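Data first, discussion second: the structure below is written as structure tokens.
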There are 2 protein chains.
Amino acid sequence: MSKLFIVGTGPGDLDFLTPKAKHSIEVSTDLVAYGLYLDLLGNLCEGKTHHDLPLGEEIGRARLALDLAASGKTVSLISSGDIGIYAMATLVFELLDLELQGKEVDSNISKQWLDIDIEVVPGISAMQAGASRVGALLGHDFCTISLSDLLTPWQTIEKRIHSAGQGDFVISFYNPVSKKRDWQLNTARDILLKYRPASTPVLIGRQLTRDDEKIVITTLDKLDAKDVDMFTLVSIGNSESRYILNGNKEWVYTPRGYSKKL
Amino acid sequence: MSKLFIVGTGPGDLDFLTPKAKHSIEVSTDLVAYGLYLDLLGNLCEGKTHHDLPLGEEIGRARLALDLAASGKTVSLISSGDIGIYAMATLVFELLDLELQGKEVDSNISKQWLDIDIEVVPGISAMQAGASRVGALLGHDFCTISLSDLLTPWQTIEKRIHSAGQGDFVISFYNPVSKKRDWQLNTARDILLKYRPASTPVLIGRQLTRDDEKIVITTLDKLDAKDVDMFTLVSIGNSESRYILNGNKEWVYTPRGYSKKL
């Protein structure tokens, strides 16, 4: 049976690659992934056929993975982080759904997609890597919001930011800025300042767990898109999140309220 | 230097235990954890001193881990899932925060807590295990809400459920019910039915990735607390989440909207 693994490889450091993800890649003959992700995996990818498409061709990449698996290959479709979170997994199912509905999906062998054994392998997502690096920022109810308005109308995103503010969720912004997109993050900040204090702790984590990792802890009023790029995660505490300084070591955590019981 | 690893071991199956978590446990002399979690880890824990405290004594467990590390041991404080998400990590920092403020923390050596080298190791959380098992339910903006009102007032939780409904987030409920607590989940369901269709796909995942895993896909109107226990994750799709059936294989995914571009 043809097989497609949809694999999240974690934030970057191979110490966070699960055995399940590693094994999935090892048994695959063909890897479909943006080149940078494969570079991070080092010699794990040796001897396998690489298929790369540029950033922005996500639909093509999902279709290619399905076509390769349908043709009998054992394929891993790979992204960093958790491939189920703002990544390629959902595209595969969108395409499968269209095929099941008999819609045009631009593939000669899409009928065989339905015979593929599909397995999704989750990975450590950036928000988890970031929170753990600075303590326990995700210690209570949290949400994630993508600030990319390529596929989601800005009014939907803005509504979600307001909802997250009203609900006092810890918020992780994925895709906070891109080369062509820079105003959304500051707009989001200004909205959240209506709901939580200017002193709310904020994590800016770039290239988390990678060699060139850079982590900055700041406050909501000082958050600025100029300090953020597309390799950066931005996580914003809730109204109870705490910044603590022990010697020169900074921590940020969101309490669940246990200390009230002491 | 005394060392405390705060380690998430993932949903259960050791195939999801990261090398980092494994290594942290391997180099530790002392493990602090609820017994069940250690059972899942098998012989990885052999030859180490186990410290167990009953469920409900979370503060004691965090304090014990700090005290052991302060006394010079290399300690792993362990929970399943991601220890930074509704788990023990934030308690350690709550205690550390109190000590830094000079408050009473009921430890003879709490001054030495401040010298401990602390490292938090994230793990795959239940929502990720669940979403991957059924496809890509976390494919777009999502949130988590704990339904336990032991530490958080119900009115705060209820407000968050409304906010999550208004923002149309995919929602994962942690601690959906317990032996003494059963009404919150059905109340949450009734709130959400005001915001999204009765046909919204719902994942009920029990003992995810473990030998006795049980997964049920249902709809929001059919969600009932009687089908859920404390080993269960409940994840609710947003208004666009889709259920698809391919032969006898069920999938659920939340689209990002790529198919509109096809």
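The values are calculated or read from the model by the stated rules, or taken from the named source; none is laboratory data. Remember, predicted model here, so these are calculated numbers, not experimental data. Note that we place each Cβ from the backbone using ideal geometry, even for glycine, and neighbour counts take in every protein chain shown. For the accessible areas, the whole protein counts, side chains as well, though only heavy atoms, and no ligand, DNA or RNA atoms are used. Shrake-Rupley method; radii C 1.70, N 1.55, O 1.52, S 1.80 Å.
Show me the trypsin sites (Lys or Arg not before Pro) within region A:7-116 that DSSP assigns to loop and that have at most 14 other Cβ atoms within 10 Å of their Cβ.
Filter output for region A:7-116: A:103.
With respect to the axis carrying A onto B, what is the closest chain A residue by Cβ position, and how many angstrom separate it from the axis?
Axis-proximal residue of A, distance in whole Å: A:143, 2.
Keeping the other protein chains in place, figure out the carbon and sulfur percent of the accessible area of the protein assembly as shown, with a 1.4 Å probe. Provide the component values of the computation, followed by the final result.
Values: 9650 of 20240 Å².
Answer for the protein assembly as shown: carbon and sulfur cover 48 percent of the accessible area.
Could you give me D for region B:99-171, from Stokes-Einstein at 4 °C and 1.567 mPa s, where the hydrodynamic radius is the Kirkwood radius over C-alpha pairs? Units µm² s⁻¹, please.
80
Which value, in Å³ per residue, describes the convex hull spanned by the Cα atoms of region B:1-96?
88
Which stretch or stretches of region A:47-90 have amide N atoms under 17 Å from the point lying 7 Å from residue A:1's Cα along the Cα→Cβ direction?
Counting only backbone N, you get A:66, A:69-76.
Around residue A:189, what is the net charge, scoring Lys/Arg as +1 and Asp/Glu as -1 over all other residues with Cβ under 14 Å from its Cβ?
Combined, the nearby Lys, Arg, Asp and Glu give -2.
Grab the beta carbon distance between residue A:199 and residue A:117, set R0 = 60 Å, and tell me the FRET efficiency rounded to 0.05.
After rounding, the FRET efficiency stands at 0.70.
If you take each beta carbon of peptide B:166-172 and count the beta carbons of other chains within 10 angstrom, what is the mean?
5
Quick one: helix B:89-100 against the long Cα principal axis of chain B, what's the angle to the nearest 10°, folded into 0 to 90?
Rounded to the nearest ten degrees, it is 40.
Translational D (Stokes-Einstein, µm²/s) of region A:200-252 at 10 °C and 1.306 mPa s when Rh comes from the Kirkwood sum over C-alpha pairs?
Rounded, D is 135 µm²/s.
Report the relative contact order of chain A, percent, no decimals, based on alpha-carbon pairs under 8 angstrom and at least 6 residues apart. Walk me through the numbers on the way to the answer.
Working: 519 pairs, mean separation 50.4, N = 262.
Answer for chain A is 19 percent.
Within region B:67-110, report the GluC sites (Glu not before Pro) that DSSP leaves as loop and that have at most 11 other Cβ atoms within 10 Å.
Passing sites in region B:67-110 are B:104.
Binned at 5 Å from 0, what are the whole-percent values of the Cα-Cα distance distribution for region B:18-150, short to long?
That works out to 2, 9, 18, 21, 19, 13, 10, 5, 2, 1, in percent per bin.
List for region B:83-112: residues with 50 Å² or greater reduction in accessible area, all protein chains versus chain alone, probe 1.4 Å?
Listed by number, the residues meeting the 50 Å² cut-off are B:86, B:90, B:93, B:94, B:97, B:100.
Work out from phi, with θ = phi - 60° and the Karplus expression 6.51 cos²θ - 1.76 cosθ + 1.60, the ³J(HN,Hα) of each residue of region B:115-130, listed in order in whole Hz, and give x for Gly and Pro.
Working through the residues one at a time gives 9, 6, 7, 9, 9, 9, 10, x, x, 5, 8, 4, 4, 6, 4, x Hz.
If you take the Cα Rg of chain B and divide it by 2.2 N^0.38 Å, with N the number of residues, what do you get?
With N residues counted in chain B, Rg over 2.2 N^0.38 Å equals 1.10.
Between residue A:55 and residue B:57, what FRET efficiency follows from the Cβ-Cβ distance if R0 is 45 Å, with the result rounded to 0.05?
According to the calculation, E is roughly 0.40.
Which residue fluctuates the most in chain B, going by a Gaussian network model with Cα springs under 10 Å, if the choices are B:248, B:175, B:108?
It is B:248.
Using only atoms on other chains, find how many Cβ atoms lie within 10 Å of each Cβ of peptide A:15-24 and report the average.
Mean number of neighbouring Cβ atoms from other chains: 5.
Tally Lys/Arg at +1 and Asp/Glu at -1 over every other residue whose Cβ is under 9 Å from the Cβ of residue B:165; what's the total?
Values: positive: B:194, B:196; negative: B:168.
Surrounding charge for residue B:165 is +1.
Just how far, in whole angstrom, is region B:144-162 from region A:192-227 if you go by their alpha carbon centroids?
Here the two parts' Cα centres lie 26 Å apart.
Measure off 7 Å from each Cα along the Cα-to-Cβ vector at residue B:109 and residue B:186, then give the distance between these two points in nanometres to one decimal.
5.0
Can you check what the net charge comes to around residue A:249, using other residues whose Cβ is under 11 Å from the Cβ of residue A:249 (Lys, Arg +1; Asp, Glu -1)?
So the environment of residue A:249 carries a net charge of -3.
For residue A:111, place a label point 7 Å out from Cα along the Cα→Cβ vector, do the same in each other copy, and report the separations in nm, one decimal, smallest first.
Here residue A:111 shows inter-copy label distances of 8.0 nm.
Taking only Cα atoms and a 10 Å spring cutoff, compute GNM fluctuations for chain B and point out the largest among B:173, B:93, B:231.
B:93
What are the radius of gyration and Dmax of region A:82-131, computed over its Cα atoms and given in Å?
Every Cα atom of region A:82-131 included, Rg and Dmax give 14.1, 44 Å.
Which value in Å does the Kirkwood hydrodynamic radius of the protein assembly as shown take, with 1/r averaged over all unlike C-alpha pairs and then inverted?
23.2
With 23 Å as the limit, write out which pairs from A:179/A:226; A:48/A:73; A:73/B:214; A:249/B:159; B:20/B:103; B:159/B:214 have Cα-Cα distances beyond it, or answer none.
A:73/B:214; A:249/B:159; B:20/B:103; B:159/B:214
Taking residue B:150 in one copy and the same position in all the others, each labelled 7 Å out along Cα→Cβ, what are the pairwise distances from the first, in nm, shortest first?
Here the equivalent label points are 4.4 nm apart from this one.
How many percent of all Cα-Cα pairs in region A:158-262 sit more than 18 Å apart?
Within region A:158-262, distances greater than 18 Å cover 50 percent of Cα pairs.
Give me the 1.4 Å probe accessible area per residue for the protein assembly as shown, excluding ligands and nucleic acids, in Å². The partial results should precede the final answer.
Working: 20240 Å² over 524 residues.
Counting only protein heavy atoms, the per-residue value for the protein assembly as shown is 39 Å².
Can you give me the Rg/Rh ratio for region B:169-228, using Cα atoms for both radii and the Kirkwood formula for Rh?
Over the Cα atoms of region B:169-228, Rg/Rh equals 0.96.
³J(HN,Hα) across region B:154-164 via Karplus (A = 6.51, B = -1.76, C = 1.60, θ = phi - 60°), whole Hz, x for Gly/Pro?
Coupling constants for region B:154-164: 4, 5, 5, 5, 4, 4, 5, 5, 4, 4, 5 Hz.
Have a look at A:163, A:38, A:64 and report the one farthest towards the positive end of the charge dipole of chain A, computed about the Cα centre with Cβ charges (Lys/Arg +1, Asp/Glu -1).
Value: A:163.
If you put a point 7 Å past Cα along the Cβ direction, how far is that point for residue B:180 from the same point in each other copy, in nm, smallest first?
5.6
How long is the gain from residue A:250 to residue A:39 if the chain were fully straight, where each residue apart is worth 0.36 nm and the alpha carbon distance is subtracted?
Separation in residues times 0.36 nm, less the Cα-Cα distance, equals 72.8 nm.
With a 1.4 Å probe, how much accessible area is buried between chains A and B, both sides summed, in Å² to the nearest hundred?
Heavy-atom accessible area buried at this interface is about 7000 Å².
Give, to the nearest whole percent, the P(r) tail of region B:35-88 beyond 17 angstrom, counting all Cα pairs. Present the calculation step by step, with values, prior to reporting the outcome.
Working: 557 of 1431 pairs.
Above the 17 Å cut-off, region B:35-88 has 39 percent of its Cα pairs.
Would you look at the GNM of chain A, springs on alpha carbons closer than 10 Å, and say which of A:115, A:106, A:224 moves the most?
A:106
In region A:138-184, how does Rg compare with the Kirkwood Rh, expressed as the Rg/Rh ratio over alpha carbon atoms?
Reported Rg/Rh, Kirkwood definition of Rh: 0.99.
Report, in deg cm²/dmol and to the nearest 500, the calculated mean residue ellipticity at 222 nm for chain A, where each DSSP H run with n ≥ 4 adds -39500 (n - 2.57) and the sum is divided by the residue count. Mind showing how you got there, number by number?
Values: 7 runs with 71 residues, N = 262.
Result for chain A: -8000 deg cm²/dmol, rounded to the nearest 500.
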